[in-house]
2 protein chains.
Amino acid sequence: MRFLHTADWHIGKTLNDFSLLNDQLATFKQIEQIAKAEHVDAMVIAGDLYDRSIPNEAAVKLLNQMLQKLNLVDRLPILAISGNHDSAARLSTGTDWFAYQSFFLNTNLARAFTPITIKDTQFFLLPFFGIQEVRNYFNDDKIKNVNDAMQRITAEMVKSFAPDKHHVLVAHFFAAGSKRTADSETLIEVGGLSAVTTDVLSPFDYVALGHLHNKNALNEERIKYSGSPMKFSVSEANQEKGVWLVDTAPFCVKWIPLTPVHDIHLLKASFDELITTADRKPRDDFYDIELTNHDRIPDVLNKLREYYPKIVSLHRTHQAQKVQLNLSKKRAQESPLDLLADFYSQTMGNKMTSQQRKWAEDALTTVMKEEN
Amino acid sequence: MRFLHTADWHIGKTLNDFSLLNDQLATFKQIEQIAKAEHVDAMVIAGDLYDRSIPNEAAVKLLNQMLQKLNLVDRLPILAISGNHDSAARLSTGTDWFAYQSFFLNTNLARAFTPITIKDTQFFLLPFFGIQEVRNYFNDDKIKNVNDAMQRITAEMVKSFAPDKHHVLVAHFFAAGSKRTADSETLIEVGGLSAVTTDVLSPFDYVALGHLHNKNALNEERIKYSGSPMKFSVSEANQEKGVWLVDTAPFCVKWIPLTPVHDIHLLKASFDELITTADRKPRDDFYDIELTNHDRIPDVLNKLREYYPKIVSLHRTHQAQKVQLNLSKKRAQESPLDLLADFYSQTMGNKMTSQQRKWAEDALTTVMKEEN
């Protein structure tokens, strides 16, 4: 059989207060087109369907519309689980009715051990879980971490393996393989979760993961993150987004990229360069701008917004965040002028000129007078 | 055919912070038993399934469990609409899948005009609506109030009447018949909605209404509120709760009462009487207590809670709420002692004794000294 593996739709997510609903719908349509063109037998959505446990009404409507289109109009079976961003209780509304139409949405650990069989494959739908939940389920307090938990879960699932079928796990967690490159961005995304080692997942023919937004987060042939179908943060600006097409026999995994509806661009330039080159850049895309100017530009964000309406982040090459103020006792005894000079040089990367120092002295003298 | 008419379940409602979920489940089981024992062909739930637009997770789980039991286990068709307490968008999750199992949940005005036919009856499922929604739907700004709106809606529905069928409207609004007794409680429940006159509803063989919690709110043979299945406020303490059983041919409406799981009692007594009689009253029921004592009883609420743990309201026969303080200029010039004497007599219903007046004078003298 052939299935499409996607995850982390995060319907309702905003990017710096910009709604992404229209982009999410357009991206969904690309996924739907791929599913139809490639004649897939099922859609796998590996968790984080919504961006938050209580999505707003527009998000609820949109996700319903998407799932309804795929399942009831296009007549595609869906295999989905809840992720850490979803409320399992809220997402589970209607699941018992969905199943009659081959839309299998699992938000419940206990149901993860009954596989869903479609053609030559058994799918095990494991929702995002907490360790305590697994301890309770197996009545075993010796489960100390996510990896212990996953070992128990896998062992239990293997008991239901039909020998003549392929076995696919759909799950939502942080998988750590020996080849993993632990870059800081990935660790930030994990949000404090401990990891499942990939050897625990070896009984499965394929593991369709959700959670990490980068399809390259894991370098394994048969254990894959699809990543999110869209860029959801500036840190994802350089990631290619897409979906996996998986054939079970003969086994084959193929990446199909998705086209960004409104891309996120990282710009590093001076104010003048940004203005001059603006007409060559897509006006409705998202921009993260690093301003290289040293000098203060009044109302700079609003000025730039005339050219780049959707700025999601504006920062400076030379800015205060690099300043490390030493608030020790010694420092507290320094003169206001020395403190100011220090602050200036740390912020701007060069010392005050003698004219600037003169201005500062005059200003401080005036302030001191007013205080006394 | 025979159907059961209920409404206003308000799943997730609390009574003075006491959860009603267990009572709601127990009440549901009574309704389910009636449906089975009476061999109904369908369940009608006329809106306000939830108590609020964003119910908590426990409420979401409970309503899903109830609907799943009725529809998928007991195999009863369900005809339901959204009420003003429901979020139409949130409640609509899954509706397209529900319909395959004869669970017809309508939250959408446009779908109200396509009847659902079960046996000999066409059901028109009209969700709670706003006037603007109806204006938009008919593209008609001349619709000025709810009654105009309902006239247009009824006229449109009549076009789809099959002559050989009975016609039932399921709706959620405030219906005002000429025989209506407009008591203040009913008006409070209406919450500022204007009313639909019952003549507008005459084309229907039966109108199953939700919104008002009192089954006697309307005195019509074929237009009925089922009321809520439970008492949800002190003002409902003396109402009998239940469901209607409706037979279409020959037409027959029968009231079947439900037993309160934990009743709400109105008590009016002195503190001593309340303590003495407590052991003859169901400890886990809800109590609205009117205390007849004149004297102040320190920590009275907590003392009473030892005997009546679920007090939802405590008030006094002689209490400050009857006091009308006149804050005119003239009053502002009165002496503190005169003001206090006035306040005392208004609150307690009798004048201060000379001893009380002496104590008040002494206390005021002390206070005045401290102020200066």
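Odds and ends about this structure:
- Condition check for A:Trp9: crowded, with 21+ Cβ neighbours inside 10 Å and part of a helix (DSSP H, G or I): no
- Total residues in the range A:111-139, condition in a loop (DSSP other than H, G, I, E, B) and out of contact with any Lys or Arg (no Cβ under 7 Å at 6 or more places or on another chain): 9
- Looking across the range A:295-309, just one residue is of a type in the set (Val, Ile, Thr) and more than 12 Å from A:Ile275 (Cα to Cα), and that is A:Ile297.
- Residue within the range A:280-299 that is touching a helix residue (DSSP H, G or I) at 6+ places or on another chain (Cβ under 9 Å), in a helix (DSSP H, G or I), at pLDDT below 95 and not charged (D, E, K, R) present: no
- In summary, A:Phe174 fulfils each of the numbered conditions (1) under 15 Å from the mean Cα position of the chain (by Cα); (2) at pLDDT 95 or above with the single exception of condition (2).
- Count of the range B:29-55 residues, restricted to those that are touching a Pro at 6+ places or on another chain (Cβ under 8 Å) and either basic (Lys, Arg) or closer than 25 Å to A:Leu91 by Cβ (or both), is 1.
- Residues satisfying the stated conditions in the range A:69-96, i.e. closer than 12 Å to A:Phe128 by Cα, facing chain B (nearest Cβ under 9 Å) and not in a helix (DSSP H, G or I): A:Ser87
- Consider the range A:97-117 and keep the residues that are of a type in the set (A, V, I, L, M, F, W, C), in contact (Cβ under 8 Å) with a residue 12 or more places away in the chain and buried (at least 17 other Cβ atoms within 10 Å of the Cβ). The one that is nearest to the other protein chains (Cβ to nearest Cβ) is A:Phe98.
- Residue in the range B:127-152 that is nearest to B:Asn108 (Cα to Cα), counting only those that are without any contact (Cβ under 8 Å) to a residue 40 or more places away in the chain and among the aliphatic types (A, V, I, L, M): B:Val134
- Condition check for B:Asn136: under 25 Å from the mean Cα position of the chain (by Cα), surrounded by fewer than 20 Cβ atoms within 10 Å (Cβ to Cβ) and more than 21 Å from B:Asp48 (Cα to Cα): no
- Considering residues of the range A:237-279 that are polar (S, T, N, Q) and either in contact (Cβ under 8 Å) with a residue 60 or more places away in the chain or part of a strand (DSSP E or B) (or both) only, the residue surrounded by the most Cβ atoms within 10 Å (Cβ to Cβ): A:Thr248
- Within the range B:292-314, residues that are closer than 20 Å to B:Thr14 by Cβ have Cβ atoms under 7 Å from residues that are loosely packed, with under 13 Cβ neighbours inside 10 Å and among the basic types (Lys, Arg) in these pairs: B:Pro309/B:Arg283, counting only partners at least 6 apart in sequence or on another chain.
- Answer residue from the range B:194-227, given it is among the charged types (D, E, K, R) and under 14 Å from B:Thr6 (Cα atoms) and is surrounded by the most Cβ atoms within 10 Å (Cβ to Cβ) among those: B:Lys224
- Of residues in the range A:39-68 being over 21 Å from the mean Cα position of the chain (by Cα) and among the acidic types (Asp, Glu), the one nearest to the other protein chains (Cβ to nearest Cβ): A:Glu57
- The residues on offer are A:Val243, A:Val253, A:Val300, and the sole one that is closer than 28 Å to A:Gly210 by Cβ, over 21 Å from the mean Cα position of the chain (by Cα) and outside the structural domain of A:Gly349 (by TED's automatic domain parsing) is A:Val253.
The values are calculated or read from the model by the stated rules, or taken from the named source; none is laboratory data. Every value quoted in this text rests on a predicted model; they were computed, and no experiment measured them. Glycine gets a Cβ as well: all are built from the backbone with ideal geometry, and neighbour counts include every protein chain shown.
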